[in-house]
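I have placed the structure first, in the form of structure tokens, so that the comments after it can refer back to it.
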Amino acid sequence: MRKRSLKKGLNIRGKAVVVICMSIFTVMLMTIALTYFVGLRMMRSLLSEEHGKYATLLTSALDRIIKAEINDLKVYVKNPVWINKVEEANNRYSKMSPEEVRTHLAAMDKRWIAASDDDPLVKEYLESDASMRMKVICDSDPRIGEIFITDKYGGLVAASGKTEDFYQSDEAWWQEAFDGGAGKTVVTDISRDESSGTLGISLVLPMKDSNGELIGIAKEVLDIKNLFSPLETFEIGKTGHAVLINEQGYIIFHKDLVPLTVKYLKKGDIKDLLGKKSGWGIVSEHGVHKQKTFVVFRPYIPPFFLNSGTKWYLLIDQDVVEVFAPLNIFILPAIMIVLIAMLVMIPVGFVFGNLLVAPIKKLKKATEKIIAGYEDYKIDIKTGDEIEEFAESFKEMLSRLKAKQNELIKAKDEIEDLSKSLEKKVEDRTAELETQSWGLTKANEGIKVLYKELEERNEQLKRLDQLKSDFVSTVSHELRTPLSIMKEGVSLVLDKITGSINENQEKTLGMVQSNIDRLATIINDLLDISKIEAGKMEVKKSLTDICYLVKDACAKWRLQSDKKKQELTCVAPDGLVNVYLDADKVVQILNNLISNAIKYTPDNGKIKVELINKKDEIEISVSDNGIGISREDHPRVFSKFQQFARPPSAGSKGTGLGLAIARELVQMHQGTIWLESEVNKGSRFVFTLPKMDSETVFKEHISTGIKEVSTRGAPLSLITLKVTGFSQIQKEMGFEKSHNMLKEIEAMINGSLRRKADTVVRDTGEIIVVLLDTSKTNAEVVRSRIEKVIQKYLIDSRKKLPGEIYFTMGFASYPDEAKSDEELLNKARGVIRIRTDNNE
Amino acid sequence: MGRKNILLIDDNPTELNILKSLFEHEGYETVCVETCSEGVKYIKSSKVDIAVIDTLVPDINGFETCRMILESSGVTPPKIVMITSSIDATDAVKARRMGADDYVVKTQDFLILVEAVKKLL
């Protein structure tokens with residue numbers, strides 16, 4: 001298994017090591033730095049304090065020394081020998097005047113300076129008791145360089161050695177000590193003493209007598225070399241020593257240097273240093289010293305100092321290196337320790353890193369093993385930290401994955417099973433479908449054959465039917481001709497046109513005539529029914545007064561009913577009842593019903609013909625009180641060739657086709673016909689004719705025409721004519737008259753037509769003319785002709801008409817302008833406005 | 001290679017006669033029976049290459065007969081053609097399920113049946 005190579009980076013161990021080392025390093029470094037600098041500060045202050053203490057000690061020591069010497073001198077100056085000597089000198093001057101004194105002193109001074117040590121003058125002075133004493137003192141105390149005393153005028157009295165001058169009162173120190181005769185202790189600043197040849201400070205004391213009067217001045221020169229011996233011996237470490245400097249910076253005492261020769265520091269630097277309030281400073285080089293020096297200074301003013309304005313400074317200086325050596329010594333080991341620590345920590349880090357890494361490695365191994373397929377490899381990590389938690393979660397995740405995997409395997413198995421069973425199902429289904437398909441094919445083949453056979457049979461039947469129809473109509477026609485001839489012939493004879501006839505002949509011929517009539521009826525019925533069945537019967541509806549028809553029919557049959565002494569009543573409303581119907585057919589229906597009623601009602605019976613004008617239809621009933629028809633026979637009443645019982649009186653039997661024809665005719669009018677009857681209770685035949693609205697009737701006419709021409713592929717034209725304001729005219733003229741006018745116009749139109757056309761009149765003053773086989777151009781010709789005719793008619797009849805009559809005309813043709821009855825009608829209406837008035 | 005044997009099972013003797021003459025004209029040995037049980041018995045005893053069975057024979061229905069014939073005919077079962085006056089496809093399916101080799105709807109054209117039989121032989 002290829003391991004994905006990780007980018008080169010520090011592994012956890014390395015990181016751990018780095019982290020540890022860096023932490024240690026940082027911590028230690030910081031500690032060291034902190035320690036160092038804090039230490040430094042501390043050391044400085046400590047040291048400054050310590051060195052300061054030393055300085056203070058030294059200055060006190062110096063103080064003590066000087067004070068001790070002063071005290072000694074104080075004792076010496078009380079020495080009677082000295083005092084006597086001084087007084088002695090003073091007495092010499094008592095006799096002299098001040099000027100003399102001055103001159104004397106000047107001369108003495110001159111002489112003294114010039115004299116050598118062997119000069120008896122010098123010897124005189126130096127070998128006196130006092131001087132000898134002084135010498136002893138000088139010799140015994142290394143510090144003292146010279147002692148001498150002067151009289152109150154400043155002249156030398158005694159000395160330990162040959163002083164440089166005799167006359168001292170011109171010296172500042174003498175005058176200061178003389179203090180105008182008061183006498184004051186004075187300590188001078190360092191200077192070179194010529195006479196002693198030393199650098200030193202001088203103690204100057206006034207000499208006073210027992211009365212306390214100033215008699216002279218004593219001076220003791222302290223050799224600074226010995227005076228500052230404490231300083232000389234003082235040392236700290238290897239480079240620490242004490243230095244005494246004056247305010248200008250000149251070294252007063254340095255154990256290696258000649259006093260007052262070298263400046264400790266440059267002028268500016270001295271000022272800087274001595275200006276430090278802390279009392280210490282670090283100077284980069286001073287005097288002879290080239291090293292950085294830690295200097296602690298304390299001011300010192302010797303007691304009774306002459307130049308009281310000035311100070312000396314006692315410096316304790318030490319090489320900085322040496323001063324802070326302890327600290328510095330600390331640094332290197334410290335760094336070493338850091339490095340060692342780091343070195344030590346590297347393995348520690350490694351170990352630590354390993355500790356960190358170990359569980360992760362375990363996890364990694366476990367993962368690899370699991371990937372490789374050891375699914376149950378156990379993960380055992382007990383580090384008690386987040387890694388253990390992670391390991392736990394990891395284990396959890398693994399077990400869940402395992403569970404999921406198992407689920408999936410189970411699901412997969414289930415799916416496989418399902419798939420197998422589905423396959424089987426599909427197989428089965430396919431086989432089943434094949435079987436079904438086979439079955440369908442076979443059945444289909446059979447059906448095809450049967451269908452073909454059926455078609456053939458059908459053709460045969462059609463031909464047969466046609467044959468039958470042709471047969472019937474041909475035969476009927478053929479039969480009619482001889483029949484009418486026969487009828488004519490018989491009539492001729494009966495009418496005695498051929499000659500006279502006797503009663504017997506009349507009777508016989510009468511019988512023949514009625515039978516001829518009967519035959520004719522039968523033939524007509526047959527013809528009718530065959531026409532109806534062939535679908536050749538046409539119903540041409542026009543507006544007809546049904547009232548009139550009914551009344552007229554009754555009138556016609558009254559003759560027959562009178563013969564049988566039957567009462568034939570006609571009930572109809574007054575006035576016109578205009579309905580769209582085919583008058584001939586309706587008459588036929590009426591005739592049939594009435595004749596049946598007459599036939600099947602006995603003599604003296606009652607027959608009632610009633611017309612009821614209902615809202616949407618006309619109801620006509622023919623009732624009789626004849627033999628009636630039983631309920632069981634009701635269904636068969638309107639069937640062909642059905643007759644029920646013989647008619648009560650000998651009479652024509654009839655064909656049995658009458659009612660069947662009547663039903664067909666009623667149905668062609670979209671009406672209904674039915675029977676109400678019971679045996680011996682008479683019969684009531686009722687039929688209804690719906691009142692069609694004129695629009696529907698118009699359309700019916702047009703669509704019938706369209707149907708006819710479309711079989712021929714011929715065009716059809718429609719001409720419309722509308723009388724404007726017909727309702728007004730109707731009111732003025734009255735219903736009947738206005739309708740008659742329309743009828744007359746219709747007649748005129750019909751008369752003007754070359755060919756037979758279909759005209760329909762509407763009670764709203766509209767007339768349409770349906771022209772078959774007429775194209776648009778031809779229709780226009782017809783239309784204009786009609787227009788002229790009507791105009792002429794209106795002019796001719798203007799006397800009868802109320803005022804002016806206007807009408808509009810229009811036309812449209814099929815199929816060019818419109819393809820349906822409705823379209824045609826709409827297009828044809830109101831196309832041309834024609835005005836006609838009586839003044840045309 | 002002898003003549004093929006055809007067994008006709010049909011309850012209408014007129015049909016049987018027509019078919020018999022048609023098949024014999026084609027050169028097949030034709031045996032007619034009017035009931036299914038006779039037919040099954042015949043097959044058990046004699047060799048039959050193809051059986052033409054009317055589905056509506058009264059005693060056992062044609063489909064059952066078909067199944068019985070196939071069951072009892074051992075190694076070489078005869079081919080079976082069902083003839084019927086039904087145009088219902090489910091009958092055709094039933095015939096197929098029963099093991100019929102073909103299914104012919106009865107029409108005036110008997111030659112269709114003859115062709116179907118010839119195809120199977």
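Accessible area per residue for the protein assembly as shown is 55 Å², calculated with a 1.4 Å probe on protein heavy atoms, without ligands, DNA or RNA. Among the cysteines of chain A, those with no neighbouring cysteine Cβ under 4.7 Å are A:CYS21, A:CYS138, A:CYS547. Measuring max minus min along each principal axis, the C-alpha atoms of the protein assembly as shown give extents of 252, 113, 56 Å (largest first). Between the residues A:ALA411, A:GLN460, A:SER473, the greatest Cα displacement towards the positive end of the dipole of the range A:379-482, with unit charges on the Cβ of Lys, Arg, Asp and Glu, is found for A:SER473. For the range B:5-120, the alpha carbon convex hull comes to 89 Å³ per residue, rounded to a whole number. Within 10 Å of the Cβ of each residue in A:429-441, the mean number of Cβ atoms contributed by other protein chains is 3. Per-residue accessible area (protein heavy atoms, 1.4 Å probe) orders A:ASP119, B:ASP54 as A:ASP119, B:ASP54, starting from the largest.
Within 10 Å of the Cβ of each residue in B:88-97, the mean number of Cβ atoms contributed by other protein chains is 6. Note on B:102-109: average number of Cβ atoms from other chains within 10 Å of each residue's Cβ is 6.
When only C-alpha pairs under 8 Å and at least 6 residues apart count, what is the relative contact order of chain A, in percent?
Values: 1183 pairs, mean separation 59.2, N = 840.
Relative contact order of chain A: 7 percent.
Defining a contact as two alpha carbons under 8 Å apart and six or more residues distant in sequence, what relative contact order in percent does the range B:5-120 show? Walk me through the numbers before you get to the answer.
Details: 184 pairs, mean separation 26.8, N = 116.
The normalised contact order for the range B:5-120 reaches 23 percent.
Compare the peptides A:397-409, A:356-368 by average per-residue count of other Cβ atoms within 10 angstrom and give them in order, highest first.
Details: A:397-409: 11.1, A:356-368: 15.5.
The most tightly packed comes first, giving A:356-368, A:397-409.
For the range B:1-44 versus the range A:512-579, the inter-centroid distance based on Cα atoms is 68 Å.
In terms of packing, defined here as the mean over residues of other Cβ atoms within 10 angstrom, the peptides A:381-391, A:809-819, B:105-115, A:292-302 line up highest first as A:292-302, A:809-819, B:105-115, A:381-391.
Across all Cα pairs in the range A:12-87, the calculated P(r) in 5 Å bins from zero up to the longest distance comes to 4, 12, 9, 8, 8, 7, 6, 6, 6, 6, 5, 5, 4, 4, 3, 3, 2, 2, 1, 1, 0 percent per bin. The trypsin sites (Lys or Arg not before Pro) found in the range A:496-579 that occupy coil by DSSP, while having at most 16 further C-beta atoms within 10 Å, are A:LYS496, A:LYS536, A:LYS540, A:LYS565. Residue separation of A:ALA358 and A:ILE497 scaled by 0.36 nm, minus their Cα-Cα distance, works out to 34.8 nm of gained length. Expressed as a whole percent, the accessible surface of chain A that belongs to carbon and sulfur atoms is 55, based on a 1.4 Å probe.
Please compute the alpha carbon radius of gyration of the range A:102-197, then divide it by the globular-protein estimate 2.2 N^0.38 Å. Two decimals is fine. Working shown, then result.
Working: Rg = 13.2 Å, N = 96, 2.2 N^0.38 = 12.5 Å.
Taking N as the residue count of the range A:102-197, the ratio is 1.06.
Ranked by the mean number of other Cβ atoms within 10 Å per residue, highest first, peptides A:660-666, A:345-351 order as A:660-666, A:345-351.
What fraction of the DSSP beta bridges in the protein assembly as shown is antiparallel, stated in percent and rounded to the nearest 5?
Roughly 80 percent of the beta bridges in the protein assembly as shown run antiparallel, per DSSP.
Would you mind giving the total buried accessible surface between chains A and B, with a 1.4 Å probe and ligands, DNA and RNA left out, rounded to the nearest 100 Å²?
Working: alone 47720 and 6560 Å², together 52940 Å².
Approximately 1300 Å², summed over both chains.
Taking every DSSP helix (H) stretch of at least 4 residues in chain A, weighting each as -39,500 (n - 2.57) and dividing the sum by the residue count yields a mean residue ellipticity at 222 nm of -19000 deg cm²/dmol.
Ranking A:THR293, A:ASN211, A:LEU315 by Cα position along the charge dipole of the range A:195-352, where only Lys, Arg, Asp and Glu carry charges on their C-beta atoms, puts A:THR293 farthest toward the positive end. Annotation: Cα Rg of the range A:468-591 relative to the compact-globule expectation 2.2 N^0.38 Å equals 1.35.
The values are calculated or read from the model by the stated rules, or taken from the named source; none is laboratory data. In this text, all values refer to a predicted model and were calculated from it rather than measured experimentally. Note that we place each Cβ from the backbone using ideal geometry, even for glycine, and neighbour counts take in every protein chain shown. Ligands, DNA and RNA are excluded from the accessible area calculation, which covers all protein heavy atoms including side chains. Shrake-Rupley method; radii C 1.70, N 1.55, O 1.52, S 1.80 Å.
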